[in-house]
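Participant: This is the structure I want to talk about, given as structure tokens.
The values are calculated or read from the model by the stated rules, or taken from the named source; none is laboratory data. Since we're looking at a predicted model, the values are computed, not measured. Ideal geometry is used to build each Cβ from the backbone, glycine not excepted, and the neighbour counts take in all protein chains shown. To get the accessible areas, we keep the full protein, side chains included, count just its heavy atoms, and leave off ligands, DNA and RNA. Shrake-Rupley method; radii C 1.70, N 1.55, O 1.52, S 1.80 Å.
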Amino acid sequence: YQEIAKELCRGTNYNTDGLLIVKSNPLEMVIYNRDGSEASMCGNGIRCFVHYCYDKFKINNFSKIKTKAGYYDCKINSIKPFIVTVNLGLPTYINNIVKKSVIIKNNLYEISTLLLGVLHTIVIVNNYENLESIMQNIIEYNIFNSHSNFDFVRIINHKTIEVKTFEKGVGWTQSCGTGVAASAYVMHESYNLSNNINACTAGGVINIKISDNIYLTASSEHIDDLEVMI
């Protein structure tokens, strides 16, 4: 699967982020990033997984989808457009540190690192100028786990944020579901934003509601069917 993922993700016209494998009894999603590494969870991927299983296998019940990060409940809200809500549970802050301010190369950053299926480091920015340089500075700073994804968050208003994610094993991605959810959670808990946040990404808008758990809701769209020789 590692080699297949590398071949397929770079070998189509869509330059995809990863490969999802469907297993049954129990229903399980296995994830490989475009570089061939295995991921434990993918918030957008699991919505695509549900869409695919509904279309191909007529599955309607998506409670307890197994992943490497545990079991997840998903609910189909509508078919056209295809909209799914994912219960992502609640995150765990690394070392119980909710938020910290660090100075890296004379720049002050407010940072939170938390586990929500996968590890995310949330960085607050005022704008996205020199983002590559900012990310490189942060990665070189040795307090961060090498397995972390990085989410750069810009606050637009009380109910809206913008998120750009550098995903481990992928690179800059159009959108990261768990990253958006982790970002929204930090914005609500530490910066008093709403518990109902719309997160704008290059791939579209994702709604995050925070109550007993974190609920991610967004649409997915079927693009193409391909046959390949492996």
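Participant: Count, please, the residues in the range 10-43 that happen to be open to solvent by 20 Å² or more (accessible area, probe 1.4 Å), in a helix (DSSP H, G or I) and touching a Cys at 6+ places or on another chain (Cβ under 9 Å).
Facilitator: 0
Participant: With respect to S175, determine if the residue is touching a strand residue (DSSP E or B) at 6+ places or on another chain (Cβ under 8 Å), within 23 Å of S133 (Cβ to Cβ) and modelled with pLDDT of 95 or more.
Facilitator: yes
Participant: Just one of (1) modelled with pLDDT under 95; (2) within 22 Å of G89 (Cα to Cα); (3) in contact with a Phe, Trp or Tyr (Cβ under 7 Å, 6 or more places away or on another chain) trips up K168, so point out which.
Facilitator: Condition (3) is where K168 drops out.
Participant: Does the range 180-202 contain at least one residue that is in contact (Cβ under 8 Å) with a residue 60 or more places away in the chain, open to solvent by 20 Å² or more (accessible area, probe 1.4 Å) and in contact with a His (Cβ under 8 Å, 6 or more places away or on another chain)?
Facilitator: Checking the range 180-202: not a single residue is in contact (Cβ under 8 Å) with a residue 60 or more places away in the chain, open to solvent by 20 Å² or more (accessible area, probe 1.4 Å) and in contact with a His (Cβ under 8 Å, 6 or more places away or on another chain).
Participant: In addition: Within the range 84-117, which residues are assigned to a strand (DSSP E or B), open to solvent by less than 20 Å² (accessible area, probe 1.4 Å) and in contact (Cβ under 8 Å) with a residue 40 or more places away in the chain?
Facilitator: Matches in the range 84-117: V84, V86, V102, S112, L114, L116.
Participant: Hey, can you tell me all the residues within the range 66-83 that are open to solvent by less than 40 Å² (accessible area, probe 1.4 Å) and either among the small types (G, A, S) or closer than 23 Å to S183 by Cβ (or both)?
Facilitator: T67, G70, Y72, C74, S78
Participant: Let me ask something else about it. Restricting the first residue to the range 209-225 and requiring it to be closer than 25 Å to K159 by Cα, which pairs with a second residue that is β-branched (V, I, T) and open to solvent by less than 90 Å² (accessible area, probe 1.4 Å) meet a Cβ separation below 6 Å and a spacing of at least six or different chains?
Facilitator: Hits for this filter: Y215/T85; L216/V86; L216/I208; T217/T85; A218/I206; S219/I83.
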